[in-house]
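Student: One structure is given below, represented as C-alpha cells, and several questions about it will come after.
The values are calculated or read from the model by the stated rules, or taken from the named source; none is laboratory data. Quantities reported herein were computed from a predicted structural model and do not represent experimental measurements. Ideal geometry is used to build each Cβ from the backbone, glycine not excepted, and the neighbour counts take in all protein chains shown. In case anyone asks, the SASA skips ligands and DNA or RNA and just uses the protein heavy atoms, side chains included. Shrake-Rupley method; radii C 1.70, N 1.55, O 1.52, S 1.80 Å.
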Amino acid sequence: IRQGSRADALGRHGRQNHAIYIEYRTPFENFWVNGGGRFDYNSQYGDEFSPSLSLGWALSDSFKLRFSLGRSFRAPTFTELYYWDPVKRGDPDLRPEQAWSYELGGDFNLKPWMQASITLFIRDEDDLIDWVGLKSKPDSSRIYYAKNLSEVKVKGIELSLIHI
C-alpha cells in the first residue's frame, strides 16, 4: 500500500456479506398481494431480516389504490467506519441503519391523455448514518464526523402527471 493512498486512509479491513431474497406475488380479480423477505448475514453485524408487503386494489378501470410497508438494513461502509483525513473522521463504532417505510397511494388513468399518481410516505429510521460537521476550535475549520443519528422520521408526498 502506498503511503497517503485511499487504502492507507481506510486501513486493512474485511467482512463477508451474504443475502437471500424471496418474493411472491399473487393477483386476484382486481386485487393483488406482493410479499417478500430478505435475509442478510454480515460477519461484522450478524443476521438481519427485512420483510416487505404490498397490496393493491383496482377500484375501477381508471383508479388503483396501493399500500406498502417494508423494513431495511444498511451496514456502514468502510469509509464511514475507518476513513481519516484532515477534514473527515470515520467511526469504527457505528451501528447499522434500520428503517421501516410505509406508503399509501393512488393511480389515476385520466383517459385518453393523462396519467396521475399521488403517494404519501413515511420512513421511520433508527441509527441513520450521516456526516456531521463540527468545529474543533473556534478559529479552526470544520471537521466532519460519521455519526449515528438516533431517530429520523421522513414524511412526504409525491405527485406525478404523465401526458400520454
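Student: List the number of the failed condition for residue 25; all other conditions in (1) over 30 Å from residue 112 (Cβ atoms); (2) of a type in the set (Lys, Arg); (3) exposed (fewer than 13 other Cβ atoms within 10 Å of the Cβ) hold.
Tutor: Every condition holds for residue 25 apart from (1).
Student: So, one more: Evaluate the range 104-114: report whether one residue or more is under 20 Å from residue 149 (Cα atoms), open to solvent by 50 Å² or more (accessible area, probe 1.4 Å), in contact with a strand residue (DSSP E or B) (Cβ under 7 Å, 6 or more places away or on another chain) and in a strand (DSSP E or B).
Tutor: Looking through the range 104-114, none of the residues is under 20 Å from residue 149 (Cα atoms), open to solvent by 50 Å² or more (accessible area, probe 1.4 Å), in contact with a strand residue (DSSP E or B) (Cβ under 7 Å, 6 or more places away or on another chain) and in a strand (DSSP E or B).
Student: Still on this model: Cβ-Cβ distance below 6 Å, separation of 6 or more or different chains: which pairs start in the range 30-57 with a residue that is of a type in the set (S, T, N, Q) and end on one that is open to solvent by 70 Å² or more (accessible area, probe 1.4 Å) and not in a strand (DSSP E or B)?
Tutor: Final answer for the pair search is 43/16.
Student: Can you tell me how many residues within the range 43-93 are within 30 Å of residue 111 (Cα to Cα), part of a loop (DSSP other than H, G, I, E, B) and modelled with pLDDT of 95 or more?
Tutor: 0
Student: Out of the range 29-50, which residues are open to solvent by 40 Å² or more (accessible area, probe 1.4 Å) and under 20 Å from the mean Cα position of the chain (by Cα)?
Tutor: Residues satisfying the conditions are 38, 39, 41, 44, 45, 47, 49.
Student: Here are some conditions: (1) open to solvent by 40 Å² or more (accessible area, probe 1.4 Å); (2) in contact (Cβ under 8 Å) with a residue 12 or more places away in the chain; (3) under 30 Å from residue 89 (Cβ atoms); (4) not β-branched (Val, Ile, Thr). Residue 14 meets all but one. Which one does it not meet?
Tutor: Unmet for residue 14, out of (1) open to solvent by 40 Å² or more (accessible area, probe 1.4 Å); (2) in contact (Cβ under 8 Å) with a residue 12 or more places away in the chain; (3) under 30 Å from residue 89 (Cβ atoms); (4) not β-branched (Val, Ile, Thr): (2).
Student: Is it the case that the range 145-163 has a residue that's surrounded by 15 or more Cβ atoms within 10 Å (Cβ to Cβ), closer than 22 Å to residue 72 by Cβ and of a type in the set (Val, Ile, Thr)?
Tutor: no
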